[in-house]
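Chemist: Have a look at this one before I ask anything.
The values are calculated or read from the model by the stated rules, or taken from the named source; none is laboratory data. Everything numeric in this text was worked out from a predicted model, so none of it was measured. Every residue, glycine as well, gets a Cβ built from its backbone with ideal geometry; the counts of neighbours run over all protein chains shown. Note: accessible area is taken over every heavy atom of the protein model, side chains too, but ligands, DNA and RNA are not part of it. Shrake-Rupley method; radii C 1.70, N 1.55, O 1.52, S 1.80 Å.
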Amino acid sequence: MFAYVTKRLIAMPFLLLGVITVAFLLTHFTAADPLTSIIGERQMNNPEVVEAARQRWGLDRSLPEQYLVYLGNLVTGDFGTSFRTRQPVAQDLILRLPATLELVIAAMMLGTLFGITLGVLAARFRGGVIDNLARLFALIGASAPVFWSGLLVLFVFSVQLGWLPGPGRIDARAVAPPFVTGFFTIDTLLAGDWTGFRSVLLHLLLPASVLGWTVTGIVSRMVRASMLDVLSQEYILAARAKGASPVRVLLHHALRNAMLPTLTIIGFSFAYLITGAVLTETIFAWPGIGSYAVSAARGLDHPAIVGVTIIGGAAFLIANLLTDIAYAVVDPRVKLGAKAGA
Amino acid sequence: MSAPLLAIRDLTVSFATRRGGHAFQAVSGVDLTVQSGEVHGVVGESGSGKSVTMLAVMQLLSQSATIAGSIMLDGQELTALSDRQMRKIRGARIGYIFQDPMTALNPLLTVGEQIAEAVRIHRGDVGHKHAVARAIDLLRLVAIPNPEKRANQYPHEFSGGMRQRAVIAMAMANEPDLLIADEPTTALDVTIQAQIMELLDQLRREKNIGIVLVTHDLGVVAGVAKSLSIMYAGRVVERGLVDDVFAAPHHPYTKGLLESLPQMDERVERLSAIAGAPPPISARPSGCPFHPRCPYVIERCRSERPVLRPVGPIDVACHRAEIVAADKGTLQDA
Ligand SMILES: Nc1ncnc2c1ncn2[C@@H]1O[C@H](COP(=O)(O)OP(=O)(O)O)[C@@H](O)[C@H]1O
Ligand SMILES: [Mg+2]
């Protein structure tokens, strides 16, 4: 297990390098000229301004040179400077990543909790009312666009009922907690600001639910399908033949086994949401990576695009590693280094 | 004689079809009696309703099954029990051994945990530590070497024979009165088969339990069972003491099964002496269900289903039992 994790950790930088290279090449082979967005259309006719900008952003050098310079900078934590915000990309990311992580982690917690519960109930009462309701709920969650469900819950719970606050991470009149981790939940606690903490939690609830709903949709279907598969296995009959109660059979014997294929889906969802929470972040005015990525793409902001891509790639790699570790913890058949046997 | 340990009377199990139309009978009017301290063999080709009968005893059939008839365990009617009451019987008074030890153990739990679970389900007063200690004792009982270490291992670390021993240990966890072994050796090598049968017989002797030994192989029954029932197409067609049936089978089907057994001087198993295949559950023939495959068939067999009747020491469902019993030739010659 330890050797396995070490091996995977050693492979990480190489995989990341692949991600970086692809991201770098892709942005440089897109036809549009980033200079336009740096100096504006009108200045493009001014050769002096153009040349100065080229030099300043290193665009005058050959592609391999640019790549090497970029890699060298990355190693020292320098992701370059955003064309758009004129801030170091690393700093932009550090400010925005915790916001996204906080939202995505909350969404994953809600989404998997509901997803597993619904999936188990749907499998247990297959073909019944609960199964059909769960199917409908999952279908809406997985297929309804977030701008629709997001606006819907905002309208109902914030505007109409007034139970929950509107967009933003914390009450507009409150001061954001001093930056320690960037997670407002943690930072308000560290500052001993209970009112702030409460406000942060309430602000988190709607966007996390909207995002979590999509996760619930996917996870509940996966859990249901693998529960049905597991419930037809002979060891389930054997557990019942021991005199185990239905609840025990369902949770102790079936769910554990059904979680194996589900772990992969959960890991994938997590990685996807890091950069895929764009719409939710936009609707809920959430200053995260997703909205940053959209602005970067719109502005042809190369350093920012590559930076976001690296974060997204790293998220996938880390989620993958965590999934594999979770797999190895749950399934004794997974041996050091490789997934063995059936 | 006191009340038998297990008495199945006129058991019929039907499965509703998907479209909710016709229900097919997998088991029809089965009678079966098992005494304490003896092994009763239930023999028949695949699909003859052996497993369905045994799962009916455990009340573990799927929702689509309808059970009629009576199943008495030590004088207690099981078919009248609620699921909650039945759970107190499963694993406590009846132990069940499955055909394939590769699939009958949960891959994510250690063997020790699974045996300890069987103990703790029925003995809420036994703590985790004691249950694990008991699991180790049980592994020792079924002659698994190094039981302390084995208890902490997962099923995939066990060989097939060792897994089946573990399954038997699990079935024995609460010292049941009755063991149902549904083809316990079918999935195992021949040498391992003999060891497992020896183990079951030893448990019977030491604990005086009754054992139902389900198999499609008459040879397995020969060594250990005292009495047997032959099943065909969901019915018992012949039953009696093993010695009597082996000496003179009264049903052509039994005769064919016996002739299919490898003889002492033969290394390879002989081809089945019975031509054809058993009828599917959805197309059971009229009259005697065996008549399409039977060399002794007469007109009466096609129209009138024979009922079990005593012929000498044996109960048999065949119009021509006397002729079959007296025939010294083989089935193919008949
Ligand atoms: N759940 C079920 N639904 C419908 N038919 C079933 C079911 N279980 C068993 N059967 C049918 O009942 C018949 C007897 O099966 P079984 O008792 O498993 O035979 P065997 O003697 O090989 O153990 C078979 O034809 C099988 O297809
Ligand atoms: Mg069977």
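Chemist: Of everything in segment A:217-236, what is open to solvent by less than 40 Å² (accessible area, probe 1.4 Å) and within 11 Å of chain B (Cβ to nearest Cβ)? Give them in sequence order.
Modeler: A:230, A:235, A:236
Chemist: For segment B:70-82, state whether one or more residues are closer than 24 Å to residue B:207 by Cβ and within 9 Å of chain A (Cβ to nearest Cβ).
Modeler: no
Chemist: Still on this model: Search segment A:240-268 for residues being at the interface with another protein chain (Cβ under 7 Å from one of its Cβ atoms) and more than 33 Å from the chain's Cα centre (by Cα), and hand back the single one that is surrounded by the fewest Cβ atoms within 10 Å (Cβ to Cβ).
Modeler: Per the stated criteria, the residue is A:245.
Chemist: Restricting to segment B:184-219, count the residues that are touching a His at 6+ places or on another chain (Cβ under 8 Å) and either open to solvent by less than 20 Å² (accessible area, probe 1.4 Å) or more than 16 Å from ligand 2 (Cβ to nearest atom) (or both).
Modeler: Final tally of qualifying residues: 4.
Chemist: Quick test of your reading of the structure: residue A:214 fulfils all but one of (1) within 13 Å of another protein chain (Cβ to nearest Cβ); (2) in contact (Cβ under 8 Å) with a residue 60 or more places away in the chain. Name the failing condition by number.
Modeler: Every condition holds for residue A:214 apart from (1).
Chemist: Go through B:326, B:273 for me and flag whichever is in contact with a helix residue (DSSP H, G or I) (Cβ under 9 Å, 6 or more places away or on another chain) and modelled with pLDDT under 90.
Modeler: Going through B:326, B:273 in turn, the sole match is B:273.
Chemist: Kindly establish whether residue A:237 is in contact (Cβ under 8 Å) with a residue 40 or more places away in the chain and hydrophobic (A, V, I, L, M, F, W, C). Before the answer, list the steps.
Modeler: Details: in contact (Cβ under 8 Å) with a residue 40 or more places away in the chain: no; hydrophobic (A, V, I, L, M, F, W, C): yes.
So residue A:237 fails the test.
Chemist: I'd like the full set of residues that are surrounded by 15 or more Cβ atoms within 10 Å (Cβ to Cβ) and either more than 17 Å from residue A:17 (Cβ to Cβ) or not polar (S, T, N, Q) (or both), limited to segment A:60-77. Before you say what the answer is, go through the steps one by one.
Modeler: At the first step, the residues of segment A:60-77 found to be surrounded by 15 or more Cβ atoms within 10 Å (Cβ to Cβ) are A:66-67, A:70, A:73-74.
Of everything in segment A:60-77, those that are surrounded by 15 or more Cβ atoms within 10 Å (Cβ to Cβ) and either more than 17 Å from residue A:17 (Cβ to Cβ) or not polar (S, T, N, Q) (or both) turn out to be A:67, A:70, A:74.
Chemist: Now for a different question. Within segment A:154-189, can you find the residues that are out of contact with any Leu (no Cβ under 6 Å at 6 or more places or on another chain), without any contact (Cβ under 8 Å) to a residue 40 or more places away in the chain and of a type in the set (Val, Ile, Thr)?
Modeler: Scanning segment A:154-189 gives A:156, A:159, A:170, A:175, A:186, A:188.
Chemist: What about residue B:34, is it at pLDDT 95 or above and within 11 Å of ligand 1 (Cβ to nearest atom)? Don't jump to the end; show me each part of the working.
Modeler: Working: at pLDDT 95 or above: yes; within 11 Å of ligand 1 (Cβ to nearest atom): no.
Here the answer is no, as residue B:34 does not meet what is asked.
Chemist: Continuing with the same structure: Name the single residue that is farthest from ligand 1 (Cβ to nearest atom) among those in segment B:65-95 being of a type in the set (Lys, Arg) and without any contact (Cβ under 8 Å) to a residue 40 or more places away in the chain.
Modeler: To start, the set of residues in segment B:65-95 that are of a type in the set (Lys, Arg) comprises B:84, B:87-88, B:90, B:93.
Next cut, without any contact (Cβ under 8 Å) to a residue 40 or more places away in the chain only: B:84, B:87-88, B:90.
Working: B:84: 23, B:87: 20, B:88: 25, B:90: 18 Å.
The selected residue is B:88.
Chemist: I'm trying to understand the selection: among the residues of segment B:92-106, which are modelled with pLDDT of 95 or more, within 9 Å of another protein chain (Cβ to nearest Cβ) and open to solvent by 10 Å² or more (accessible area, probe 1.4 Å)?
Modeler: Passing the criteria: B:92, B:96.
Chemist: Sticking with this structure for a sec: Need pairs with beta-carbon distance below 7 Å; first residue more than 9 Å from ligand 1 (Cβ to nearest atom) and open to solvent by 30 Å² or more (accessible area, probe 1.4 Å) and within segment B:48-64, second aliphatic (A, V, I, L, M) and not in a helix (DSSP H, G or I); sequence gap 6+ or separate chains.
Modeler: Within 7 Å, the pairs are B:59/B:78.
Chemist: With the checklist (1) part of a helix (DSSP H, G or I); (2) farther than 28 Å from residue A:293 by Cβ in hand, flag the one item residue A:155 doesn't pass.
Modeler: If we test residue A:155 against (1) part of a helix (DSSP H, G or I); (2) farther than 28 Å from residue A:293 by Cβ, just (2) comes out false.
Chemist: While we're here: Restricting segment B:9-54 to residues that are among the aliphatic types (A, V, I, L, M) and more than 16 Å from ligand 2 (Cβ to nearest atom), which is nearest to the other protein chains (Cβ to nearest Cβ)? Reasoning before the result, please.
Modeler: Filtering segment B:9-54 down to residues among the aliphatic types (A, V, I, L, M) leaves B:11, B:13, B:16, B:23, B:26-27, B:30, B:32, B:34, B:39, B:42-43, B:52, B:54.
Now narrow it down to the ones that are more than 16 Å from ligand 2 (Cβ to nearest atom): B:16, B:23, B:34, B:39.
On the way: B:16: 14, B:23: 19, B:34: 17, B:39: 19 Å.
Only one residue fits best here, namely B:16.
Chemist: Next up: More than 14 Å from ligand 1 (Cβ to nearest atom), within 14 Å of chain A (Cβ to nearest Cβ) and either in contact with a strand residue (DSSP E or B) (Cβ under 6 Å, 6 or more places away or on another chain) or at pLDDT below 95 (or both): is that true of residue B:188 in this structure? Quick ask: steps written out before the conclusion?
Modeler: Details: more than 14 Å from ligand 1 (Cβ to nearest atom): yes; within 14 Å of chain A (Cβ to nearest Cβ): no; either in contact with a strand residue (DSSP E or B) (Cβ under 6 Å, 6 or more places away or on another chain) or at pLDDT below 95 (or both): yes.
No; evaluated as a whole, the condition is false for this residue.
Chemist: Please work out which residue is most open to solvent (accessible area, probe 1.4 Å), limiting yourself to segment A:171-209 and to residues that are more than 30 Å from residue A:145 (Cβ to Cβ) and charged (D, E, K, R).
Modeler: Ranking the qualifying residues of segment A:171-209, first place goes to A:173.
Chemist: Another question, then. Against the conditions (1) in a loop (DSSP other than H, G, I, E, B); (2) surrounded by fewer than 18 Cβ atoms within 10 Å (Cβ to Cβ); (3) more than 11 Å from chain A (Cβ to nearest Cβ), where does residue B:153 fall short? Just the number, please.
Modeler: (3)
Chemist: Related question: Here are some conditions: (1) modelled with pLDDT of 90 or more; (2) closer than 26 Å to residue A:6 by Cβ; (3) away from chain B (no Cβ under 14 Å). Residue A:310 meets all but one. Which one does it not meet?
Modeler: (1)
Chemist: Something else about it: Go through (1) open to solvent by 30 Å² or more (accessible area, probe 1.4 Å); (2) touching a residue at least 24 places away in the same chain (Cβ under 8 Å); (3) part of a helix (DSSP H, G or I) for residue A:85 and report which single condition fails.
Modeler: All conditions are met except number (3).
Chemist: Here's a follow-up. With the structure loaded, tell me whether residue A:33 is open to solvent by 50 Å² or more (accessible area, probe 1.4 Å) and modelled with pLDDT of 70 or more or whether it fails that test. Reasoning before the result, please.
Modeler: Values: open to solvent by 50 Å² or more (accessible area, probe 1.4 Å): yes; modelled with pLDDT of 70 or more: no.
Answer is no for this residue.
Chemist: Name the single residue, out of those in segment B:220-249 being more than 16 Å from ligand 1 (Cβ to nearest atom), in contact with a helix residue (DSSP H, G or I) (Cβ under 9 Å, 6 or more places away or on another chain) and among the small types (Gly, Ala, Ser), that is most open to solvent (accessible area, probe 1.4 Å). Walk me through how you get there before you give the answer.
Modeler: Going through segment B:220-249, the residues more than 16 Å from ligand 1 (Cβ to nearest atom) turn out to be B:222-227, B:240-249.
Next, from what is left, pick out any that are in contact with a helix residue (DSSP H, G or I) (Cβ under 9 Å, 6 or more places away or on another chain): B:222-227, B:242, B:245-246, B:248-249.
Those still in the list that are among the small types (Gly, Ala, Ser) too: B:222-223, B:225, B:227, B:248.
Working: B:222: 45, B:223: 72, B:225: 13, B:227: 14, B:248: 27 Å².
So, considering only residues that are more than 16 Å from ligand 1 (Cβ to nearest atom), in contact with a helix residue (DSSP H, G or I) (Cβ under 9 Å, 6 or more places away or on another chain) and among the small types (Gly, Ala, Ser), the one most open to solvent (accessible area, probe 1.4 Å) is B:223.
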